[in-house]
Amino acid sequence: MTLLTPDHVPAVDELIRLRMYWLLDRRLPLSGESSNLVDLVRLPEPEPGMLPVGMWDGGTLVAALAVQSAAPLAGWTLEERQESSLAVSLTHTHPEQQGLGRLLTHWLCDYAARRPSPPAWIRCTVRVKNLADYLEHACGWEKVRESTGWKGDSHLFQRAPRRDPQMRLLVRGEGELA
């Protein structure tokens, strides 16, 4: 895992292109968040508290996401927003790599648990029902509830941070992510 910088924009563009074609081939909905991820990676310095992160397999970017040291807003109650949390968003994975959702979930739990002040929760919001089912059943995310907003239905998920000593054998972090 590494912090994504403007030098990584071509790799992020390629990852998004592969994912979009995969979704289109299967007539699955597009997220509409791809340009947000690219815009975040293009910044010369990351926004405070928001890290664009990439997972590499050799020289190929296989996953990219944003990790934010703040509570997500839409759909979450005031009490939930006041709990310390990491928000995960803008996630894209390589369509030819299997099991990345589970691997990213375990890495996120371990990464959050190793922080100097671990958050109470890791949270994410997804709009696609198939993805919500995958997160809940294959990746072990706890579904908090469904929410309806101006962008449509959303599925709200959370996981508690948890150290995983094996994770450092599977995924190596660099720089701020080590």
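The values are calculated or read from the model by the stated rules, or taken from the named source; none is laboratory data. This one's a predicted model, so the numbers in the text were calculated from it and none came from an experiment. Heads up, the Cβs are rebuilt from the backbone with ideal geometry, glycines too, and the neighbour counts pull from every protein chain shown. These accessible areas exclude ligands, DNA and RNA; they are computed on the full protein's heavy atoms, side chains included. Shrake-Rupley method; radii C 1.70, N 1.55, O 1.52, S 1.80 Å.
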Inset, instruction - Would you mind listing how long the chain runs along its three principal axes, going by Cα atoms, in whole Å with the largest first? - result: 41, 40, 31
Legend entry - Label-point gap, in nm, between Met50 and Thr148 - each point 7 angstrom along Cα→Cβ: 2.9 nm
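Sorted by packing (mean other beta-carbon atoms within 10 Å per residue), highest first, where do 97-107, 74-84 land? Mind dumping the intermediate values first?
Working: 97-107: 16.7, 74-84: 13.2.
Highest mean packing first, the order is 97-107, 74-84.
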Inset, instruction - Could you run the Karplus curve 6.51 cos²θ - 1.76 cosθ + 1.60 with θ = phi - 60° over the range 49-62 and give me ³J(HN,Hα) per residue in whole Hz, x for Gly and Pro? - result: x, 10, 10, x, 10, x, 10, 10, 10, x, x, 9, 6, 10
Legend entry - Estimated vicinal HN-Hα couplings, Hz - the range 88-93 in sequence order (Karplus 6.51, -1.76, 1.60; Gly, Pro = x): 10, 8, 6, 6, 9, 10
Inset, instruction - Search the structure for amide H atoms under 5 Å from the amide H of Leu4, placed 1.01 Å from N in the peptide plane, and list their residues when 5 or more places away or on another chain. - result: Val53, Gly54
Inset, instruction - Go through Tyr21, Tyr111 and list them by solvent-accessible area, largest first, probe radius 1.4 Å. - result: Tyr21, Tyr111
Legend entry - Computed accessible area, Asp39, all protein chains, 1.4 angstrom probe, square angstrom: 90 Å²
Legend entry - Asp153, Asp110, reordered so the largest accessible area comes first (probe 1.4 Å): Asp153, Asp110
